[in-house]
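Have a look at the structure below before the remarks.
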Amino acid sequence: MTDRPLILLDIDGVCSPMCASHDRDDRWAPWSRVSCGWNKGWVSVPLADALTSLSECADVWWCTGWEDEAIVYSRELGVPDWPYLPLLNDADQGMFKLSSVIAGVGDRPVWWFDDEHNAASHQWSADRTAAGVPTVTLHIDDQLGLRSEDVAAAQHWARTIMLQARKR
């Protein structure tokens with residue numbers, strides 16, 4: 001198992017809430033709307049700072065249908081140019097990203113933020129964790145997006161894994 005944990009981030013509904021502008025939570029304010037090729041998303045400096053802090057204890061990858069436009073979003077948001085996980089568009093797993101995640105993450109510990117988790121992705125997480133590979137699939141309400149406590153929980157989880165790895 002690779003010791004450095006991996007955090008997977010979706011954009012729509014996770015980093016960029018899907019609500020009307022007047023309904024956005026001000027915890028990450030101020031927000032700006034940006035165009036990233038075919039996609040548009042919300043960005044904020046406080047969110048960027050929180051997400052960038054995750055890089056201190058984990059590798060961060062985009063796991064989004066935006067694929068290469070995620071790099072444009074990274075730059076607009078103000079985070080490093082994190083890689084994106086290419087999607088296989090295989091719905092056999094019941095969650096269209098799950099096959100791509102399974103193929104891409106190997107045996108690394110994974111924390112996956114997404115607004116489309118379902119029974120299949122949660123079962124995958126439970127099975128991996130039971131097999132000794134720490135895995136979290138955190139469902140995010142697409143109308144609210146990431147909360148500061150979600151980011152803090154992922155950071156704590158990743159730091160704990162890094163500390164455990166150092167003790168081995």
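Taking (1) modelled with pLDDT under 95; (2) in contact with a strand residue (DSSP E or B) (Cβ under 8 Å, 6 or more places away or on another chain); (3) of a type in the set (Gly, Ala, Ser) in turn, residue 154 satisfies each apart from (1).
Quick grid of which residues meet (1) of a type in the set (Ser, Thr, Tyr); (2) under 12 Å from the mean Cα position of the chain (by Cα); (3) farther than 23 Å from residue 32 by Cα:
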| residue | (1), (2), (3) |
| --- | --- |
| 51 | no, yes, no |
| 60 | no, yes, no |
| 109 | no, no, yes |
| 135 | yes, no, yes |
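Only strands (runs of 3 or more DSSP E) whose full extent lies in the range 37-136 are considered here, and the ones with at least 1 residues that are at pLDDT below 95 and surrounded by fewer than 17 Cβ atoms within 10 Å (Cβ to Cβ) are 39-43.
Restricting to the range 1-34, what's the tally of residues that are of a type outside the set (A, V, I, L, M, F, W, C), modelled with pLDDT of 80 or more and surrounded by 12 or more Cβ atoms within 10 Å (Cβ to Cβ)?
7
When restricted to residues that are part of a helix (DSSP H, G or I), without any contact (Cβ under 8 Å) to a residue 40 or more places away in the chain and under 19 Å from residue 97 (Cβ atoms), the range 137-168 contains 1.
Quick check on this structure: which one of 148, 125 is hydroxyl-bearing (Ser, Thr, Tyr) and under 27 Å from residue 44 (Cβ atoms)? Before you say what the answer is, go through the steps one by one.
Details: 125 fails: under 27 Å from residue 44 (Cβ atoms).
Answer to the check: 148.
Residues that are more than 13 Å from residue 110 (Cα to Cα) and of a type in the set (A, V, I, L, M, F, W, C) were ranked within the range 138-152; the one that is farthest from the chain's Cα centre (by Cα) is 144. The number of residues in the range 43-70 being touching a residue at least 60 places away in the same chain (Cβ under 8 Å) and among the hydrophobic types (A, V, I, L, M, F, W, C) comes to 6. Pairing each residue of the range 1-28 that is farther than 23 Å from residue 156 by Cα and assigned to a loop (DSSP other than H, G, I, E, B) with any residue that is acidic (Asp, Glu) and modelled with pLDDT under 90, provided the two are 6+ apart or on different chains, yields C-beta distances under 9 Å for 17/23; 17/25; 19/25.
The values are calculated or read from the model by the stated rules, or taken from the named source; none is laboratory data. Every value quoted in this text rests on a predicted model; they were computed, and no experiment measured them. Using ideal geometry, Cβ is built from the backbone for each residue, glycine included, and neighbour counts are taken over all protein chains shown.
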